[in-house]
Amino acid sequence: MKDKGAQHSVARGHLVASGPTASPSWNILKRCLLVGGMALVVMVVVAFFFTNLDGVLSVLFGSLLVMAFFGLSLLVGHLASKKMPSAVMGVFVMTYFVKVVGFAAVLFALGTPTWLNKPWFAAAAVVSVLLWQATEVVIFSKQRFLFFDEPAAVDPQDKNDAKDLPHGE
């Protein structure tokens, strides 16, 4: 007995090998913002029920500050990968330095506002950092990178290109 439904699942024509992920930093940034935004909404709702407006503002401030500084490096990495792909790692190192110094500068420059609820601010910042980092690791592990710049394989059935191949391939 022949499976008549299987004939439509066969790929027609040449199969193309999948290549590297087109924009890894952009993909990671989008997912991190999505997860961070959902967590922010949950934390704001929890803070609304258990504290006053100061707790909600503290959660917003802590989470958005973390998301802004962590998102900065991914955005700069994405833009650098378009202009100068060989310098991406150096750009990530520089943005890491800017994140650490900038985060500290913002906190020292603002001091402690009267409305800041320190436990809610700290909890929101820690939760945001942990979720952001976990999301980055998971999404990064699913990205595809091209390690070797090899020419595309030629289909042996293609008579025109087969003559150009050295013997043994």
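The values are calculated or read from the model by the stated rules, or taken from the named source; none is laboratory data. Since we're looking at a predicted model, the values are computed, not measured. Cβ sites come from the backbone with ideal geometry, for glycine too, and all protein chains shown count toward neighbours.
Couple of notes before you dig in:
- In segment 143-166, the qualifying residues are those that are among the hydrophobic types (A, V, I, L, M, F, W, C) and surrounded by 11 or more Cβ atoms within 10 Å (Cβ to Cβ), and the one that is modelled with the highest pLDDT is 154.
- The condition of being within 17 Å of residue 124 (Cα to Cα), surrounded by 10 or more Cβ atoms within 10 Å (Cβ to Cβ) and at pLDDT below 90 holds for only one of 46, 106, 76, that being 106.
- Selection within segment 116-142 - surrounded by 14 or more Cβ atoms within 10 Å (Cβ to Cβ) and either among the polar types (S, T, N, Q) or closer than 20 Å to residue 53 by Cα (or both): 116, 117, 120, 121, 123, 124, 125, 127, 128, 135
- Test result for residue 113, loosely packed, with under 11 Cβ neighbours inside 10 Å and either over 22 Å from residue 47 (Cβ atoms) or in contact with a Phe, Trp or Tyr (Cβ under 9 Å, 6 or more places away or on another chain) (or both): no
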